[in-house]
Amino acid sequence: MTDDQKKELVTRVEEKIGIGELFRLLEMNTVKTKGGNVYCVCPFHEGADNPNGFAWSNGFGFCFTQCNRKYDLFDIVMRMKGYDFVDASSFLSDLVGMEVEFSRSPSASLSDGLENRDFLSKIRKAKAKRKTVEWNPLPDIVFTDIEPVLHSMLRREGFDNDVRDYFDIGYARSGYLSNRITIPVDYIDGSIVTISGRSVLPADELKMHDIRRYQIWYDTDKGVTLYNISRADPYIAITKEVFVVEGFKSVWRMHQWGYRNTVAAMGTSLTDGQRRLLLKLGAKIIVCGDRDKAGKEFNQKVKESVSKFSDFAVMDMYNLDVPDKTSIDDISKEQFDFLYQTTK
């Protein structure tokens, strides 16, 4: 779909359907029209206390409260319906009876479409045959053992209260994750899938007593999501890029550097659920595994899983003059910036 077709489609929706009616169709809350603009509660964060917090004007929606950013019509449909760009375009074009020409270029990115209807049809049928993963958000009682404090180990590693507050990091003095740093793992809608507990014991003690460094709340399945995806989602929509790293601390470090469009696989593999979430974002995928054998294999696994369907790049830590076993958390912002600029 060309830029001109996108503009024409938005214009037709405004003229034939009306943005207010479309928002009601998308089940957005408290939709009202005033002075030619459309207002409602922002559907992308908990903004129910502000019925005028989201406005459509001059061809864009804008959240004036928590998001503080604009959304085009395709962004809104993708988020409200859970569609990728192609499905959102088809949804809108069907509403107004507009014929849209889809590109069949093999190099097209998902955000530019992957607009091959036959291919997408096959993908949908394949997905339908798979059993969906079901999970329940953790009950509030789980958090009674957790105190909202930043452990001294993380302070020594250069993390601060801003990181603690942003990611809801805590420390469990009792309970299943006793004596561990606690890290809530989010789903794309912001609900908590599970909690990971990171031991503060030295590596030699962990090995001596056969204790896992990371322990998941009653071994619940973290593979249904990508760490930080709900917080990163608005920034991914703006930048049209998503960084994929291995671990929590790499996400926190990149947050400190201003790269908030970062998610973690929480390991060196990519589950099918994580793959689907990545592709649904409709953004260029940039993977950066650690500088070791497992990191190289991680980069390759992600590449094999998503590169056929999306714009993709690998940020190779071996391009830096750093020791083996180095992760993003161990390098400087200047080194990361260099990797990023030479990867584009």
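The values are calculated or read from the model by the stated rules, or taken from the named source; none is laboratory data. A quick note: this is a predicted structure, and the numbers were derived from the prediction, not measured. Note: ideal-geometry Cβ built from the backbone for every residue, glycine included; neighbour counts use all protein chains shown. Surface accessibility is based on the protein's heavy atoms, side chains included, excluding ligands, DNA and RNA. Shrake-Rupley method; radii C 1.70, N 1.55, O 1.52, S 1.80 Å.
Quick notes on this one:
- Per-region count, segment 58-117, residues of a type in the set (A, V, I, L, M, F, W, C), open to solvent by 30 Å² or more (accessible area, probe 1.4 Å), over 21 Å from Arg276 (Cα atoms) and modelled with pLDDT of 80 or more: 3
- Enumeration of residues in segment 163-202 that are part of a helix (DSSP H, G or I), of a type outside the set (A, V, I, L, M, F, W, C) and in contact (Cβ under 8 Å) with a residue 40 or more places away in the chain: Tyr166
- Output for segment 296-310, where each listed residue is open to solvent by less than 60 Å² (accessible area, probe 1.4 Å) and modelled with pLDDT of 95 or more: Phe298, Asn299, Val302
- Pairs with Cβ under 6 Å, 6+ apart, first in segment 52-67 and within 8 Å of Cys42 (Cα to Cα), second open to solvent by 70 Å² or more (accessible area, probe 1.4 Å): Gly53/Phe64
- Unique match (being modelled with pLDDT of 95 or more and over 18 Å from the mean Cα position of the chain (by Cα)) among Phe248, Phe159: Phe159
- Selection within segment 209-261 - open to solvent by less than 20 Å² (accessible area, probe 1.4 Å), closer than 20 Å to Asp75 by Cβ and either hydroxyl-bearing (Ser, Thr, Tyr) or in a loop (DSSP other than H, G, I, E, B) (or both): Leu226, Asn228, Asn261
- Listed by first and then second residue, the pairs linking a residue in segment 248-273 that is more than 15 Å from Ile169 (Cβ to Cβ) to a residue that is among the β-branched types (Val, Ile, Thr) and in a helix (DSSP H, G or I), with Cβ atoms under 6 Å apart and 6 or more places separating them unless they lie on different chains, are Asn261/Ile236; Asn261/Thr239; Thr262/Val251; Val263/Ile229; Leu270/Val302; Gly273/Val224.
- The listed residues are Leu279, Leu270, and the only one of them that is assigned to a loop (DSSP other than H, G, I, E, B) and touching a helix residue (DSSP H, G or I) at 6+ places or on another chain (Cβ under 8 Å) turns out to be Leu270.
- Those residues of segment 173-193 which are at pLDDT below 90 and open to solvent by less than 10 Å² (accessible area, probe 1.4 Å), in sequence order: Leu177, Val193
- Listed by first and then second residue, the pairs linking a residue in segment 1-25 that is closer than 17 Å to Tyr71 by Cα to a residue that is surrounded by fewer than 17 Cβ atoms within 10 Å (Cβ to Cβ) and of a type in the set (Asp, Glu), with Cβ atoms under 7 Å apart and 6 or more places separating them unless they lie on different chains, form an empty list.
- When Phe23 is tested against (1) under 27 Å from the mean Cα position of the chain (by Cα); (2) surrounded by fewer than 17 Cβ atoms within 10 Å (Cβ to Cβ); (3) at pLDDT 80 or above; (4) assigned to a helix (DSSP H, G or I), only condition (2) is not met.
To keep it simple, each residue is scored yes or no on (1) part of a helix (DSSP H, G or I); (2) within 17 Å of Gly267 (Cα to Cα).
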| residue | (1), (2) |
| --- | --- |
| Gly289 | no, yes |
| Ala294 | yes, yes |
| Gln300 | yes, yes |
| Ser305 | yes, yes |
| Phe309 | no, no |
| Ala313 | no, no |
| Asp324 | no, no |
| Glu334 | yes, no |
